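Enquirer: My structure is below; once you've seen it, I'll send some questions.
The values are calculated or read from the model by the stated rules, or taken from the named source; none is laboratory data. As the structure is a computational prediction, the values presented were derived from the model and not from experiment. Using ideal geometry, Cβ is built from the backbone for each residue, glycine included, and neighbour counts are taken over all protein chains shown.
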Amino acid sequence: MLEKNNILNDVIYKYREHFYKTEGLEIDTIKEHVENGRIVVLYNPNHKGIKPLLIGQPSKIKVNANLGTSPFLCDVNLELSKLDAALKAGAHTVMDLSTGGDLDSIRKEIIEKSPVPVGTVPIYSVAQKYIKKGQDVSKISETELLEEIEKQAEQGVDFMTLHCGVTKKGSEMAKHRVLGIVSRGGSILAKWMEVNKKENPLLTNFDKLLDICLKYNIVISLGDGLRPGAICDAGDSAQMEEVIVLGELTKKAWERGVQVMIEGPGHVPLHLIAAQIKSIKTICHNAPLYVLGPLTTDAAAGYDHITGAIGGAIAAYAGADFLCYVTPAEHVTLPNENDVYQGVMASLIAANSAEIALGYRDATNRSKMISMARNDLNWDEIVKYALDPNIIKKRREKFAAKEECAMCGEFCAVKMFK
Ligand code: SF4
């Protein structure tokens, strides 16, 4: 059970009509699910101009778009265009994962311009200071880490990925994998622990992290620093060791009134996704699950938004609550605006498919309205209810005056049957 959190109680009450309008959920239902940790409310009062967002079924399945520079490709304007593309496509949240350039000013700009909750991975900013100077990340001090987290909370970050569950034991286990550790945060911490011969500073300072997160109502996204990055590593001991630690930390956070999400896999073959989702949820006391894909094959670079959508649909149907998009640029390069748009659309399709299967009223109604409009060859209505209205308008442009579309022309089956 989540202990008292004053900011949260006020937000739920203040935005009850907004929640009812967007989610169809009554305030009592939301309160009950927030109290038992199944729903989190993303909302840092310092992030001006946003509306709070619910994550966790039975609220709708949400989609996140990752933004951010890299040391090789660092253009703030490109990141702001990517933010626009993500919002245009319908992303519910964005994460600034920048690792190149002036990270403070990029983060501030994204927070200022984003009307949706913003997430970060604070360890990147601390690590960048060392990497830029050619120094080793094992020199990061524990105080610096905590100061960075507090600074980003103060700036208005709504949720933070903190890889508190990567332990010395887990990272040792990951050495036996085909593809080691693929999480940037996870690998920084593994190196820090190995060199300093100490346990993960985010784990040993967990109580101090909770103080900061409670003060700003930061939702901790307990990172999966040991997530499998290869199909053949899926479900191994390193992954599961971390999940068990995350389950223990979830309870500790709730005892202090701090909200928690759990980050999930990774690369997982299709037939193992449902079992993994259900066991992670059980071990982590049904806290909302934020999945990265999951990717169902390692062989589809260039098309990994499709791989991620296949895995995301199955994961959401099995209980995952929040889908982190994957773009066509995954595993190859930094995404551009078009990649971001494609990635968000792919994840929204996955979320919508799962919601239909789960019987969500808005999703099933939407499908029915589209089908009725198709039966009437009513293109305005088809566009109105489509997940991506723009693409229909664009593709139909040349034959917009026709009742049928250019797929069958006078052979239009719908028309013929009538
Ligand atoms: S032309 Fe073919 S594809 Fe287009 S609306 Fe008619 S039946 Fe459907």
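Enquirer: Identify all residues within the stretch 1-18 that are over 16 Å from residue 260 (Cα atoms) and in contact (Cβ under 8 Å) with a residue 60 or more places away in the chain; write none if there are none.
Expert: Across the stretch 1-18, the qualifying residue is only 11.
Enquirer: On the given criteria, is residue 224 closer than 26 Å to residue 298 by Cα, touching a residue at least 40 places away in the same chain (Cβ under 8 Å) and surrounded by fewer than 19 Cβ atoms within 10 Å (Cβ to Cβ)?
Expert: no
Enquirer: Still on this structure: State whether the residues of the stretch 49-63 include one that is charged (D, E, K, R), over 27 Å from residue 308 (Cα atoms) and outside the structural domain of residue 216 (by TED's automatic domain parsing).
Expert: No, the stretch 49-63 contains no residue that is charged (D, E, K, R), over 27 Å from residue 308 (Cα atoms) and outside the structural domain of residue 216 (by TED's automatic domain parsing).
Enquirer: Would you check if there is a residue in the stretch 367-379 being more than 16 Å from the ligand (Cβ to nearest atom) and among the aromatic types (Phe, Trp, Tyr)?
Expert: No: the stretch 367-379 contains no residue that is more than 16 Å from the ligand (Cβ to nearest atom) and among the aromatic types (Phe, Trp, Tyr).
Enquirer: Quick one: what pairs do we get from the stretch 372-399, first residue more than 24 Å from residue 344 (Cβ to Cβ) and of a type in the set (D, E, K, R), second within 13 Å of the ligand (Cβ to nearest atom) and at pLDDT below 95, C-beta under 6 Å, 6+ apart or different chains?
Expert: none
Enquirer: Turning to a different aspect of this structure: So in the stretch 252-274, with the set limited to residues that are touching a residue at least 40 places away in the same chain (Cβ under 8 Å) and out of contact with any helix residue (DSSP H, G or I) (no Cβ under 8 Å at 6 or more places or on another chain), which one is farthest from residue 223 (Cα to Cα)?
Expert: 255
Enquirer: For the stretch 377-408, name all the residues that are surrounded by 13 or more Cβ atoms within 10 Å (Cβ to Cβ) and more than 25 Å from residue 87 (Cα to Cα).
Expert: 377, 378, 399, 402, 404, 405
Enquirer: So in the stretch 1-48, with the set limited to residues that are of a type in the set (A, V, I, L, M) and assigned to a helix (DSSP H, G or I), which one is farthest from residue 93 (Cα to Cα)?
Expert: 27
Enquirer: Moving on. Just one of (1) touching a residue at least 24 places away in the same chain (Cβ under 8 Å); (2) of a type in the set (S, T, N, Q); (3) away from the ligand (no atom under 16 Å from the Cβ) trips up residue 307, so point out which.
Expert: (1)
Enquirer: Residue check, residue 397 against (1) more than 14 Å from the ligand (Cβ to nearest atom); (2) within 34 Å of the chain's Cα centre (by Cα), all met but one. Which one?
Expert: Just one mismatch for residue 397, condition (2).
Enquirer: All but one of (1) more than 14 Å from the ligand (Cβ to nearest atom); (2) assigned to a helix (DSSP H, G or I) hold for residue 387; which doesn't?
Expert: With respect to (1) more than 14 Å from the ligand (Cβ to nearest atom); (2) assigned to a helix (DSSP H, G or I), residue 387 is out only on (2).
Enquirer: So residue 287 ticks every box in (1) in contact with a strand residue (DSSP E or B) (Cβ under 9 Å, 6 or more places away or on another chain); (2) among the hydrophobic types (A, V, I, L, M, F, W, C); (3) part of a loop (DSSP other than H, G, I, E, B); (4) surrounded by fewer than 24 Cβ atoms within 10 Å (Cβ to Cβ) but one. Which box is left unticked?
Expert: (4)
Enquirer: Among residues belonging to the stretch 409-418 that are outside any loop (DSSP other than H, G, I, E, B) and surrounded by 12 or more Cβ atoms within 10 Å (Cβ to Cβ), point out the one that is farthest from the ligand (Cβ to nearest atom).
Expert: The residue in question is 415.
Enquirer: Do you know which residues across the stretch 273-282 are surrounded by 18 or more Cβ atoms within 10 Å (Cβ to Cβ) and either of a type in the set (A, V, I, L, M) or within 20 Å of residue 253 (Cβ to Cβ) (or both)?
Expert: 273, 277, 280, 281
Enquirer: Determine whether residue 145 is closer than 30 Å to residue 270 by Cα, in a helix (DSSP H, G or I) and touching a residue at least 12 places away in the same chain (Cβ under 8 Å).
Expert: no
Enquirer: Output the number of residues of the stretch 311-334 satisfying the condition of being in a loop (DSSP other than H, G, I, E, B) and either charged (D, E, K, R) or over 16 Å from the mean Cα position of the chain (by Cα) (or both).
Expert: 8
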